[in-house]
1. Somewhere in segment 51-68, is a residue surrounded by fewer than 20 Cβ atoms within 10 Å (Cβ to Cβ), within 18 Å of residue 421 (Cα to Cα), of a type in the set (Phe, Trp, Tyr) and free of Cβ contacts under 8 Å to residues at least 60 places away in the same chain?
2. Is it the case, given these coordinates, that residue 330 is closer than 30 Å to residue 118 by Cβ and assigned to a helix (DSSP H, G or I)?
3. Can you go through 214, 202, 178 and tell me which one is crowded, with 23+ Cβ neighbours inside 10 Å, modelled with pLDDT of 80 or more and over 20 Å from the mean Cα position of the chain (by Cα)?
4. Under 6 Å by Cβ, and 6 or more places apart or on different chains, what pairs join a residue from segment 357-369 that is closer than 15 Å to residue 456 by Cβ with one that is of a type outside the set (Val, Ile, Thr) and in a helix (DSSP H, G or I)?
5. Among all residue pairs at least 6 apart or on different chains, which show Cβ distances below 7 Å where the first residue, located in segment 326-337, is in the same structural domain as residue 382 (by TED's automatic domain parsing) and the second is outside any helix (DSSP H, G or I) and not hydrophobic (A, V, I, L, M, F, W, C)?
6. What residue, of 63, 114, is in contact with a helix residue (DSSP H, G or I) (Cβ under 8 Å, 6 or more places away or on another chain) and in a helix (DSSP H, G or I)?
7. Looking at 143, 186, which one is in contact with a Leu (Cβ under 6 Å, 6 or more places away or on another chain), of a type in the set (Gly, Ala, Ser), within 27 Å of residue 241 (Cβ to Cβ) and buried (at least 24 other Cβ atoms within 10 Å of the Cβ)?
8. Out of all the residues in segment 174-192, is one or more touching a residue at least 60 places away in the same chain (Cβ under 8 Å), in the same structural domain as residue 137 (by TED's automatic domain parsing) and outside any helix (DSSP H, G or I)?
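The values are calculated or read from the model by the stated rules, or taken from the named source; none is laboratory data. Just so it is clear, the structure is predicted and the values come from calculations on it, not from any experiment. Cβ: placed from backbone, ideal geometry, glycine included. Neighbour counts: every protein chain shown.
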Amino acid sequence: MVLHKFYVYPLSREFRAGTRVTPDRLHAFYHPVYLNTVQRMDLAVAFIITIALITAVSLWYRISPFFTLIGGAILFGLLSGMTLDATLVGIATGVGQVFSAFGIIILCGAVIAILLQEQKQTEEIVADLRRVVTHPPALAGFSGYLLAVPITCCVTAFIMLTPILECLEKEKARRNVLLYLAASGSIISYALIYPTPVTIPLVSGFAQTTSPVLFDAIAIPLSLAILAGVILFFRITRPEAMGAGADGSAAPACEHAVSGPPARFHGRAWAPFIAILAAIPVAFLLLGLSHVGIINFIMLVGAVTAIGLAPTGIRAAGLSKSAKHAGLIIFDICGAGALGYVIVQSGFAHGALTQLMAVIPVILVPFILAAVIETAQGSRVVTAIITANVLAGSAVTGAMHPVTLVLLISAGSCMVSYVTDPYFWLVQRTTGDDIGTVVKNYTLPIALAGIAIFAIAVVLEYFVFG
């Protein structure tokens, strides 16, 4: 059903008068100004209905986000006036674009992650980190922060760390705080540091003349400061869960338990990440690859390193598990890409951009637009892609520094991590907490991080780049 109830009155008046409605007269009723006004109203209503139903289905049935998002794409397409065929073609196109952009990257990250897990090398990495970070909450947050970038998936980093963090604290409230901090840390680095699937389309689209090194020189200190702020947030709101265990011990007996600071550095466990770092100057200076080429090249190098170092028995099983794990992640993101592409094709995103620029300062436009798109489909990766596509060639891109623009979109992608976000449900299942508690300990800290990123972006624009 298309929401064109506003057209009924003038047409019915013609019929009552007995006048034959010819194509020319019909076209006259759909005056461009009148049509655009009604379409904007229709698309806004369609968007609200779609979000409401995605939320309801997510809460009631807890089915795979891929299916809820694909269903949302079909619903939004039909409500916005697209034909079923055009909607399905848009869904296929959106899925294909996301898969082609991130399929290799995510699969390589999954290969590295699973092979590390199979050899219990994740525990060795965390043990090495304990040399520097001994406080369990800080260790949890920093571990998530560090692993999310080379793994190229914040969800995979969280899954890798979950069994280890569950061994660091035996009391449920303390253990859950570690899980929330790991999730927060993984999102902060994933949304800010180049190269991740979030920052790649933004830097490639808006900051091609800006060195990624310059961008990370800003993003890394900023992200670490925000991570410290999130840890402080938990210290203030959950002080009872932020200290050492009541008996002074850190963890129960557990096969994933991390011992004290190691006697030596576990170089074999870090080898895929070292290979990724070493491949960057090779790809950039020797091979002259583009931003997209670099990220695919270095992730392939990291995956090949992990495969080459894995024992034969673990290698085959690990690759099989990696394919399954990567498939789940990719399809969830592709579902979000389908909904995002249909939203763009309907004209809603561009209409929202036009309306936003007319009523708010231009520096708010990328932030609010990204927040709206993130609310619709829950994927930070797809939010970055869609927002970059919508803003490309607009007056917004020329109105501010590229680094500011990237930070504003990253900030918007953190604002509403709620029921359309697959990560939200993973954290809820892992912690066992109710929805309200997850909102308080996952959604709210990430939103505060987004506000902090936005504030820093504004300061940079007006006092540094301006």
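1. yes
2. On the way: closer than 30 Å to residue 118 by Cβ: yes; assigned to a helix (DSSP H, G or I): yes.
Yes; evaluated as a whole, the condition is true for this residue.
3. Values: 214 fails: crowded, with 23+ Cβ neighbours inside 10 Å; 202 fails: over 20 Å from the mean Cα position of the chain (by Cα).
Unique residue meeting the criteria: 178.
4. 366/405; 366/408; 367/408; 367/411; 367/412; 367/454
5. Taking only residues 6 or more apart or on different chains, the pairs are 333/379; 336/378; 336/379.
6. Numbers: 63 fails: in a helix (DSSP H, G or I).
Matching residue, one of 63, 114: 114.
7. On the way: 186 fails: in contact with a Leu (Cβ under 6 Å, 6 or more places away or on another chain).
Being in contact with a Leu (Cβ under 6 Å, 6 or more places away or on another chain), of a type in the set (Gly, Ala, Ser), within 27 Å of residue 241 (Cβ to Cβ) and buried (at least 24 other Cβ atoms within 10 Å of the Cβ) holds for just one of 143, 186, which is 143.
8. Step one: of segment 174-192, the residues touching a residue at least 60 places away in the same chain (Cβ under 8 Å) are 174, 176-177, 179-180, 183-184, 187-188, 190-192.
So of that shortlist, the ones also in the same structural domain as residue 137 (by TED's automatic domain parsing) come out as 174, 176-177, 179-180, 183-184, 187-188, 190-192.
Those left that are additionally outside any helix (DSSP H, G or I): none.
No, because not a single residue in segment 174-192 is touching a residue at least 60 places away in the same chain (Cβ under 8 Å), in the same structural domain as residue 137 (by TED's automatic domain parsing) and outside any helix (DSSP H, G or I).
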